[in-house]
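Student: Structure incoming, see below.
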């Protein structure tokens with residue numbers, strides 16, 4: 001990846017401070033890209049079928065109540081959602097980052113997911129697949145993205161979504177550039193364009209994610225009133241509870257050599273074990 | 001007075017080099033064939049087999065644990081180790097093969113009467129209508145058909161609406177059986193057409209001769225029709241079996257049970273590419289074995 005000098009962009013200075021210089025796109029103070037948008041993985045529920053939940057316990061601890069009606073994202077990254085729940089409910093495990101887990105912490109997350117799997121959830125990989133499952137009432141509660149909630153609510157489905165009290169996993173997207181790109185200037189202009197109020201508003205409103213600057217929020221207000229408030233775009237406190245997707249690493253992504261963490265490959269294999277048996 | 005006849009432009013024999021080449025080619029028919037086939041065969045070997053070969057080579061390479069990038073020529077059997085040491089891959093492989101066998105048997109049983117009716121009973125007009133009816137679904141996109149099946153199987157779907165009055169709970173999405181039903185539906189035409197072609201080839205006189213020699217209908221079917229049409233049945237089964245073995249979208253959309261293809265997909269997007277490559281060897285080896293047996297049974301003459 002090519003290092004990016006953010007000073008050359010007209011629109012970079014407007015970007016929210018808590019989106020800048022994050023570990024997923026900055027190494028030793030050097031930026032390798034610019035933010036595009038961010039969002040949380042939400043807990044969705046059918047208002048006709050269940051009371052409003054406040055915690056992930058509705059699928060983890062009390063999953064049996066909704067056996068057969070739980071919607072779960074079909075990817076190994078979902079292990080982090082279980083780890084985040086354990087971070088809150090079992091502080092003894094000492095989980096700090098739900099993506100960097102020691103073997104013991106990882107095993108606890110897998111045990112929790114096996115309990116969830118025993119409640120016969122419906123796994124979704126494709127978001128249209130999940131929309132039809134919520135719309136038809138096949139599932140009543142489970143994980144989702146803001147995009148599906150937007151589309152379901154636009155169709156009048158009785159679906160609401162919350163950010164549970166434990167916080168949640170989420171994503172923060174970055175535009176990056178290949179170090180041997182043939183036309184780097186073209187990409188740099190694209191990056192600046194995508195941070196511009198108009199373009200960023202359009203892109204983030206369509207996808208249902210948080211815009212990246214106050215100016216983009218103003219532009220978004222015209223496209224979809226209340227967009228930035230609903231997506232917590234400028235609410236730095238909100239984003240402190242969101243754990244952005246990142247790669248599980250053997251080094252635990254820290255300087256400490258004493259601990260080793262479970263790697264991405266083992267995450268995928270553990271997920272296959274849960275799903276395949 | 002004599003004039004030299006000058007042939008009109010266009011039918012003049014080609015000059016020097018072209019003419020020599022043409023003459024040489026005429027004298028060497030083998031070279032002609034080779035030149036003709038060089039393009040398509042080259043494409044086949046380089047683009048088709050070559051890319052497959054590189055994919056399979058990846059099964060023997062190591063990968064970087066963080067970036068997930070495969071390190072070419074770093075030889076390792078790690079992928080096969082994890083494939084063998086973890087039972088879940090065997091379970092998934094056996095599940096996939098089991099459904100492929102079930103789909104093949106189901107399609108054979110469903111296809112035979114239809115093909116027989118088309119080939120030996122129906123009037124030419126009815127036969128034409130039936131052929132169109134069988135081919136028509138092939139024009140609709142695969143995904144559209146699978147989503148149509150979701151509409152049947154899901155909650156508040158057609159199946160639930162039909163079963164509820166009888167007090168039966170609809171199974172809903174997430175059942176392995178859904179994959180069996182939907183894949184049997186999807187590949188049925190590929191079974192009907194070869195059997196139909198095989199049945200049509202049986203001369204009427206053979207059946208008459210069988211009857212003249214005192215065979216009842218059942219005996220004629222068992223000892224005359226079935227042996228002749230069996231290679232066609234095997235030919236159809238190549239399609240139903242291999243298409244099921246490689247499918248991963250239908251299992252994902254109508255059921256929750258992973259097939260070999262789902263594991264390959266999961267590992268190629270996020271995880272372990274060498275493992276995905278190693279696992280993809282399983283259906284390839286099965287299909288090579290299947291095709292060898294099919295050839296012995298004469299299926300290739302019925303394609």
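The values are calculated or read from the model by the stated rules, or taken from the named source; none is laboratory data. Model, not experiment: these values are computed from the prediction. Every residue, glycine among them, receives a Cβ derived from its backbone with ideal geometry; neighbour counts consider all protein chains shown.
Student: Any idea how many residues of region A:133-151 are buried (at least 20 other Cβ atoms within 10 Å of the Cβ) and within 11 Å of chain B (Cβ to nearest Cβ)?
Tutor: Going through region A:133-151 one residue at a time, the tally reaches 6.
Student: Check off (1) surrounded by 15 or more Cβ atoms within 10 Å (Cβ to Cβ); (2) more than 21 Å from residue A:171 (Cβ to Cβ) for residue A:75 and give me the number that stays unchecked.
Tutor: Residue A:75 satisfies every listed condition except (2).
Student: What are the residues in region A:56-68 that are over 22 Å from the mean Cα position of the chain (by Cα) and either within 14 Å of chain B (Cβ to nearest Cβ) or not in a helix (DSSP H, G or I) (or both), if any? Full working, then the answer.
Tutor: Quick first cut of region A:56-68, residues over 22 Å from the mean Cα position of the chain (by Cα) only: A:62, A:64-68.
A:62, A:66, A:67, A:68 - these are the residues of region A:56-68 that are over 22 Å from the mean Cα position of the chain (by Cα) and either within 14 Å of chain B (Cβ to nearest Cβ) or not in a helix (DSSP H, G or I) (or both).
Student: Among the residues in region B:207-223, are any within 20 Å of the chain's Cα centre (by Cα) and either more than 14 Å from chain A (Cβ to nearest Cβ) or in a helix (DSSP H, G or I) (or both)?
Tutor: no
Student: Being at pLDDT below 95 and surrounded by fewer than 16 Cβ atoms within 10 Å (Cβ to Cβ) narrows it down to one residue among A:107, A:51, A:69; which is it?
Tutor: Just a single option satisfies the conditions, and that option is A:51.
Student: A further question follows. Among (1) in contact with a strand residue (DSSP E or B) (Cβ under 6 Å, 6 or more places away or on another chain); (2) over 19 Å from residue B:268 (Cβ atoms), where does residue B:99 come up short?
Tutor: All conditions are met except number (1).
Student: Right, something else. When you go through A:213, A:246 one by one, which is the residue that is surrounded by 14 or more Cβ atoms within 10 Å (Cβ to Cβ) and within 14 Å of another protein chain (Cβ to nearest Cβ)?
Tutor: Details: A:213 fails: within 14 Å of another protein chain (Cβ to nearest Cβ).
Every option except A:246 fails the conditions.
Student: If you go through region B:146-176 one residue at a time, how many are more than 14 Å from chain A (Cβ to nearest Cβ) and either loosely packed, with under 13 Cβ neighbours inside 10 Å or in contact (Cβ under 8 Å) with a residue 60 or more places away in the chain (or both)?
Tutor: Residues meeting the conditions: 5.
Student: Looking at region B:82-106, I want the residues that are within 14 Å of chain A (Cβ to nearest Cβ) and have a partner that is surrounded by fewer than 18 Cβ atoms within 10 Å (Cβ to Cβ) and at pLDDT 95 or above with Cβ atoms under 6 Å, at least 6 apart or on another chain. Which pairs are those?
Tutor: Listed by first residue and then by second, the contacts come to nothing, as the list is empty.
Student: Let me ask something else. Using the structure shown, decide if residue A:164 is in contact (Cβ under 8 Å) with a residue 60 or more places away in the chain and touching a helix residue (DSSP H, G or I) at 6+ places or on another chain (Cβ under 6 Å). Quick ask: steps written out before the conclusion?
Tutor: Numbers: in contact (Cβ under 8 Å) with a residue 60 or more places away in the chain: yes; touching a helix residue (DSSP H, G or I) at 6+ places or on another chain (Cβ under 6 Å): yes.
Yes; evaluated as a whole, the condition is true for this residue.
Student: Kindly indicate the residue of region A:90-104 that is outside any loop (DSSP other than H, G, I, E, B) and without any contact (Cβ under 8 Å) to a residue 40 or more places away in the chain and also surrounded by the most Cβ atoms within 10 Å (Cβ to Cβ) among those meeting that condition. So that I can check it myself, show each step before the final result.
Tutor: From region A:90-104, those outside any loop (DSSP other than H, G, I, E, B) are A:91-93, A:97, A:100, A:103-104; that's our starting set.
Next cut, without any contact (Cβ under 8 Å) to a residue 40 or more places away in the chain only: A:91-93, A:104.
Values: A:91: 9, A:92: 8, A:93: 18, A:104: 11.
Ranking the candidates gives A:93 first.
Student: Still on this structure, please answer the following. Would you confirm whether or not region B:77-99 contains a residue that is over 26 Å from residue A:274 (Cβ atoms) and loosely packed, with under 12 Cβ neighbours inside 10 Å?
Tutor: no
Student: Check A:169, A:204, A:212 and return the single one that is touching a strand residue (DSSP E or B) at 6+ places or on another chain (Cβ under 8 Å), part of a loop (DSSP other than H, G, I, E, B) and touching a residue at least 60 places away in the same chain (Cβ under 8 Å).
Tutor: Within the list A:169, A:204, A:212, the selection yields A:212.
Student: To continue, here is another question. Residue B:252 fails exactly one of the following numbered conditions: (1) within 14 Å of chain A (Cβ to nearest Cβ); (2) without any contact (Cβ under 8 Å) to a residue 12 or more places away in the chain; (3) surrounded by fewer than 17 Cβ atoms within 10 Å (Cβ to Cβ). What is the number of that condition?
Tutor: Of everything listed in (1) within 14 Å of chain A (Cβ to nearest Cβ); (2) without any contact (Cβ under 8 Å) to a residue 12 or more places away in the chain; (3) surrounded by fewer than 17 Cβ atoms within 10 Å (Cβ to Cβ), residue B:252 misses just condition (3).
Student: Further question: For region B:20-60, which positions are touching a helix residue (DSSP H, G or I) at 6+ places or on another chain (Cβ under 7 Å) and closer than 20 Å to residue B:75 by Cβ? Walk me through it before giving the result.
Tutor: First, the residues of region B:20-60 that are touching a helix residue (DSSP H, G or I) at 6+ places or on another chain (Cβ under 7 Å): B:25, B:31-32, B:55-56, B:58-59.
Within region B:20-60, B:55, B:56, B:58, B:59 qualify.
Student: Output yes when any residue across region A:253-267 is within 14 Å of chain B (Cβ to nearest Cβ), in contact with a helix residue (DSSP H, G or I) (Cβ under 7 Å, 6 or more places away or on another chain) and part of a helix (DSSP H, G or I), and no when none is.
Tutor: Yes, because at least one residue in region A:253-267 is within 14 Å of chain B (Cβ to nearest Cβ), in contact with a helix residue (DSSP H, G or I) (Cβ under 7 Å, 6 or more places away or on another chain) and part of a helix (DSSP H, G or I).
Student: Further question: Only one of these is buried (at least 18 other Cβ atoms within 10 Å of the Cβ), part of a helix (DSSP H, G or I) and away from chain B (no Cβ under 14 Å): A:233, A:219, A:270. Name it.
Tutor: Of A:233, A:219, A:270, the one residue that is buried (at least 18 other Cβ atoms within 10 Å of the Cβ), part of a helix (DSSP H, G or I) and away from chain B (no Cβ under 14 Å) is A:219.
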